[in-house]
Amino acid sequence: MAGNPGQVDFSESADTTLSSRKDVSLVAIMWRHPSVFWGGLLLAVIVVIAIVGPLFTVDPVALNPIKRLKSPSAEFWFGTDFLGRDVLARVVHGARISLVVGLAVAVIAVVLGLLIGLVSGYLRWLDAIMMRVMDGLMAIPGILLAIALISLSGATLVTVVIAIVIPEIPRVVRLVRSVVLSVREEPYVEAAIASGTRLIPILWRHILPNTIAPLIVQATYICGSAMLTEAILGFLGAGIPPEIPSWGNIMSEGRTYFQLTPWIIFYPGIALALTVLAVNTVGDGLRDTLDPRIARKM
Amino acid sequence: MAEATTAHPPVLEVRGLSVTLPKGADRKYAVEDVSFTVGRGEIVCVVGESGSGKSVTAQTVMGLIPRKDLTPVAGETLLQGEDLLKKSDAELRELRGVKMAMIFQEPMTALNPVMRVGDQIGEMLEIHTQMFAAEIRDRVIEVMKDVNLPDVEQMVDSFPHQLSGGQRQRIMIAMALALEPALLIADEPTTALDVTTQAQILELIKDIQVRHGTGVMFITHDFGVVAEVADRVVVMQQGQVVEQGTAEQVLKRPREPYTKMLIGSVPSMTPPKRKPITEGEPILAAHALEKVYGASGWFGRGRVVHAAKNVELEVRRGETLGVVGESGSGKSTVARCIVRLIDPTSGEVLIDGTNIATMSQAALRAYRHDVQVVFQDPYRSLNPRRTVGQSIVEGPMNFGLSEAEALKRAGSLMEIVGLSAAALDRFPHQFSGGQRQRICIARALAMEPKVLIADEAVSALDVSVQAQVLKLLDDVRKRFDLAMLFITHDLRVAAQICDRIMVMQKGQVVEQGLTAKVYASPAHPYTRLLLDAAPGKNAFLEQKTGN
């Protein structure tokens, strides 16, 4: 064998494959994936309206019995409902509720699901127990659970969020667990174990970073479906208290007058559809960017 | 080659072929101005290291390259006189299977797991011929017999997972040969197989090429395999043909320095003289080590597998013990038990006299730095999201070293493994495979271990790089007076680096002894089988001097 110390691997050419790393800055993602751009733009507009909109509209709960059930006009862009409340003001205000519920559910479900998934994927003895608990949770119908929780502890924003979060957690746990199960077999994790790295640093340094990309994508889907569930609960009268103008509540109240004054249901419905569409479009775009392998399969 | 080509025109003639790489790659052409021919009944080995363009050449001929990324820009590939580059996709589809066929490296992924093997072979006939179902079945059985598969009548209805790796590769070959193509392209067909299976498959390919007169383009990185099968050899480097000629010319009298270097890097089967290490107490020992899988579980009982059975081993300071065996022999299980990545079922693992086999994880932690591992796959051994420096200092910092001190140690170790300390800030993807393996060695050494386990540590590397990493391992073994456990399936590599050899088969140690003695006079029949199966053993490779 020839070779002297310090000899470089002159003949080595293992890296002729395309190893140039992809630029993953936000701007680059948006440029390459128009769906992230357009979805993000739409979502940004909705968020801005939700934040500053209520400053420019009238009080969403102010009654005006003289001007009940007015059709859309220059004074009331989206018309008024059966108590003479401005539908535009109510829809704009309802955006806040939907976005808060969507965001809160997504964040809580992801954080809890991540913790449970990491631990249960890594510690095999805990896994069997945790996964049976998760199977149990998945078997509970979401709407039924929400109605039960709300009848037990009263209808508040917090109860609604909890009711929607619980059935979402197992989905996140399963996702995280599957990533952990494959990554824990990687030699670099084994090397870390062999060099005495404790459990928490192993999870934090070596395993957690691999779950981030799929979790971001999953979070957007959870956010979208949470907003829908919240509206369904409101529509059924099992959600946020009826005096608060959420999209579900507005539609629920407008249902009775649907044939007479369709705009009461139409505008919050459009708002809900656009918001969920925006969130899901961003999610799809992020999935294509962060995990091109899945994108190609679908 | 003139005498071969005068009677018949060549089956395949590649003339001045150039294929471009997409923008942003490190060179412009994947393949540049490549010319060679494959005659009727001739095996032409295209040999080169990773990135040499040998697979791109084969896939261009088959029309399997993604033309958007890899575009043929010049030259022609003539299959029996017809230029394949000018064919449409539909025309190419017609030719594939009928006139040219390909077999791949991984017989498991190349077969459809949910389709019976007989049906998969039959599919070729269904698509390309007007044969009736009964005729097809007869022909399938015929070709399966032709590739020497046993119990063909039963096997024709089995699924791929029910067959061994070697049998699956035979099925692939049967499928390729079903329509008697003029050209067979074999892309590393034996690389994923065990050495004894490899020997059988090589024998089969030679036999078929003689019987059917098929022209074979055989792609490989292994000069041992080249020596076994090649009529002619084409050596490629960086997309270009460096040298070509008859096997005899290229292997015995290589002209180009690159070819000489490649051939010189192939480890010899003859172990060099080594002084046996007899002094000192063993620093690593295993007694009656057992690992049983699937004994019991919460939900029912599975099949019980003895991955390691009654394994005894001892390694002294400064000594290298080689553990050789085929896949499933239990060699990696033994290594993983010693590092306690898995818990042994019973037996003892003594590190400097302390039994760690049954220690609790908490108590074990203090002994973690005594035993370190270098793994096989350099691309998965380092966390891609952390800098090389972070990876190296992780272990020492677990044991209380300050970051500054750990980085200093990491820097000096980087120099020892032949890299620069400045490279600590870089990420793994900026290094080549061999360099990454050096980094892994540095990471292991940073723990100041007493025992270093190399689990197939050079198996994934190109032969020229392999020689360098082997030398590095041997150097650090001397320099740090390490006991080394060297796990490999490659008998050539084992011959060069091990003081003693332990041969494993089906979880059991069948033979153990000084390397030179085991190679010269193997006592166990299985050892003899392994040594005989090593490719290129009897060919002219052994006559080269040096080492």
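The values are calculated or read from the model by the stated rules, or taken from the named source; none is laboratory data. The structure displayed is predicted, hence computed values, not measured ones. Neighbour counts are summed over all protein chains in view; Cβ atoms, including those assigned to glycine, are modelled from backbone coordinates with ideal geometry. Accessible surface areas use protein heavy atoms only, side chains included; no ligands, DNA or RNA. Shrake-Rupley method; radii C 1.70, N 1.55, O 1.52, S 1.80 Å.
Odds and ends about this structure:
- 3J(HN,Hα) from dihedral phi, the range B:246-256, Karplus parametrisation 6.51/-1.76/1.60, rounded to Hz, x for glycine, proline: 5, 4, 4, 4, 5, 6, 8, 10, x, 8, 7
- Orientation-averaged projection of the range B:320-438 equals 9.0 nm² [convex hull of Cα atoms, one quarter of hull surface area].
- Mean residue ellipticity (222 nm) of chain B, computed from DSSP H runs ≥ 4 via -39,500 (n - 2.57), nearest 500: -10500 deg cm²/dmol
- The radius of gyration of the Cα set in the range B:159-204, together with its Dmax, comes out at 10.9, 31 angstrom.
- The H on the amide N of residue B:218, modeled in the peptide plane, is under 5 Å from the matching H of B:44, B:45, B:46, B:186, each at least 5 residues off or on a different chain.
- Sorted from longest to shortest, the spans of the Cα atoms of the range A:47-206 along the three principal axes equal 77, 33, 21 Å.
- The ratio of the alpha-carbon radius of gyration of the range B:331-398 to the globular-protein estimate 2.2 N^0.38 Å is 1.26.
- At least 50 Å² accessible surface lost relative to isolated chain, residues of the range B:458-472 (1.4 Å probe): B:468, B:471
- Taking N as the residue count of the range B:118-212, its C-alpha radius of gyration divided by 2.2 N^0.38 Å amounts to 1.05.
- Value in Å of the Kirkwood radius, where the range B:5-112 supplies the Cα pairs that are averaged: 14.8 Å
- For the range B:239-370, the calculated P(r) over all alpha carbon pairs, in 5 Å bins from 0 to the bin holding the longest distance, is 2, 8, 14, 14, 12, 10, 9, 7, 7, 8, 6, 3, 0 percent.
- The range B:190-233, Rg to Rh (Cα coordinates; Rh as Kirkwood inverse mean 1/r): 0.94
- Length gained when the stretch residue A:83-residue A:152 is fully extended (0.36 nm per residue, less Cα-Cα span): 21.8 nm
- Nearest 10 degrees, 0 to 90: helix B:463-479 Cα axis against chain B principal axis: 10 degrees
- Per-pair calculated FRET efficiency, R0 = 56 Å: residue A:48 and residue B:429 via Cβ, rounded to 0.05: 0.90
- Residue B:509 accessible area, assembled protein chains, probe 1.4 Å, Å²: 40 Å²
- Overall Cα dimensions of the protein assembly as shown - principal axes, largest extent first, Å: 108, 71, 54
- Rounded to whole Å, the principal axis extents of the Cα atoms in the range B:66-153 read 48, 29, 22, largest first.
- Interchain or long-range residues, amide H under 5 Å from residue B:357's placed H: B:349
- Comparing the full protein assembly with the isolated chain (1.4 Å probe, heavy atoms, ligands and nucleic acids excluded), the residues of the range A:159-199 losing at least 40 square angstrom of accessible area are A:187, A:188, A:190, A:191, A:193, A:194, A:195, A:196, A:198.
- Listed values for the range B:434-448 are Karplus-derived 3J(HN,Hα) couplings in whole Hz (6.51 cos²θ - 1.76 cosθ + 1.60, θ = phi - 60°), namely x, 5, 5, 5, 5, 4, 4, 5, 4, 4, 5, 5, 4, 7, 6, and x replaces Gly and Pro.
- Candidate lysines - alpha carbon under 27 Å from residue B:506, same-chain residues fewer than 8 apart omitted: B:291, B:309, B:331, B:517, B:537
- Which of B:86, B:28 is most accessible, then next, and so on - probe 1.4 Å: B:86, B:28
- FRET efficiency for the pair residue B:252 and residue B:206, taken as 1/(1 + (r/R0)^6) with r the Cβ-Cβ distance and R0 = 25 Å, rounds to 0.80.
- Karplus-derived 3J(HN,Hα), 6.51/-1.76/1.60, for each residue of the range B:336-346, Hz, glycine and proline x: 5, 5, 5, 7, 6, 6, 10, 8, x, 6, 7
- When you filter the GluC sites (Glu not before Pro) in the range B:228-331 for DSSP loop state and at most 13 other Cβ atoms inside 10 Å of their Cβ, you are left with B:279.
- Of the residues in the range B:354-368, those shielded by at least 40 Å² of accessible area once partner protein chains are present, compared with the chain alone at a 1.4 Å probe, are B:365, B:368.
- Mean projected area in nm² (Cα convex hull; one quarter of hull surface) for chain A: 22.5 nm²
- Value of Rg to Rh for the range B:5-44, rounded to two decimals, is 1.20; Kirkwood radius and Rg both from alpha-carbon coordinates.
- Between helix A:87-122 and chain A there is an angle of about 30 degrees, using the helix long axis and the longest principal axis of the Cα atoms.
- For chain B, the fraction of C-alpha pairs more than 44 angstrom apart is 23%.
- Buried solvent-accessible surface, both chains (A, B), 1.4 Å probe, Å² to nearest 100: 3800 Å²
- Rolling a 1.4 Å probe across the protein heavy atoms gives the protein assembly as shown an accessible surface of 45 Å² per residue.
- Carbon/sulfur fraction of accessible area - the protein assembly as shown, other protein chains in place, 1.4 Å, %: 58 percent
- When all protein chains stay in place and ligands, DNA and RNA are ignored, the 1.4 Å accessible-area order of A:256, B:220, largest first, is A:256, B:220.
- Angle of helix B:403-416 to the longest C-alpha principal axis of chain B, folded into 0 to 90 degrees and rounded to 10: 50°.
- Put simply, the amide H of residue B:71, placed in the peptide plane, has neighbours under 5 Å in B:20, leaving out anything fewer than 5 places away on its chain.
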